[in-house]
Amino acid sequence: MSAIERGRAEKVLYRTAISAFMYYPDKPDIEPGYEVEEDVAWCVAPLERQLPMPDLEMFRGVIRMLITAPLADRRPLIQKLAELSGE
């Protein structure tokens, strides 16, 4: 994987946290037009043009899971972002 700027990693983490906090299972029913993919795209946006497509798809999958599964372990995302930003 390529290296990214620390600020980009922080944006991904912040956006993922906000999206996970705001999500609830009935959200698509209560908020017509809402799709979790919009949140996933917003979260991954700082990584676009920074990482190859396979890596972006991996992040999309992990972030989707973190948004929709409140008990999911967030440590792997945090560790991967730290590695990418040289932390």
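Listed values, structure above:
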{"quantity": "Residue tally, condition within 21 Å of Lys80 (Cα to Cα) and without any contact (Cβ under 8 Å) to a residue 60 or more places away in the chain, over segment 12-25", "calculated": "7"}
{"quantity": "When residues of segment 75-87 are limited to those that are open to solvent by 80 Å² or more (accessible area, probe 1.4 Å) and of a type in the set (D, E, K, R), the one nearest to Glu35 (Cα to Cα)", "calculated": "Arg75"}
{"quantity": "Selection count, segment 45-73, where residues are in a loop (DSSP other than H, G, I, E, B) and either open to solvent by less than 30 Å² (accessible area, probe 1.4 Å) or among the hydrophobic types (A, V, I, L, M, F, W, C) (or both)", "calculated": "4"}
{"quantity": "Matching entry among Ala3, Ala9 (being surrounded by 15 or more Cβ atoms within 10 Å (Cβ to Cβ), in contact (Cβ under 8 Å) with a residue 60 or more places away in the chain and of a type outside the set (Val, Ile, Thr))", "calculated": "Ala9"}
{"quantity": "Residues that are basic (Lys, Arg) and either at pLDDT below 95 or more than 21 Å from Lys27 (Cβ to Cβ) (or both), drawn from segment 48-69", "calculated": "Arg49"}
{"quantity": "Hits in segment 18-44 - residues which are surrounded by 15 or more Cβ atoms within 10 Å (Cβ to Cβ) and either small (Gly, Ala, Ser) or in a loop (DSSP other than H, G, I, E, B) (or both)", "calculated": "Ser19, Ala20, Tyr23"}
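The values are calculated or read from the model by the stated rules, or taken from the named source; none is laboratory data. Because the structure is a prediction, the values reported are computed rather than measured. Cβ coordinates were reconstructed from backbone atoms using ideal geometry, including for glycine residues, and neighbour counts include every protein chain displayed. For the accessible areas, the whole protein counts, side chains as well, though only heavy atoms, and no ligand, DNA or RNA atoms are used. Shrake-Rupley method; radii C 1.70, N 1.55, O 1.52, S 1.80 Å.
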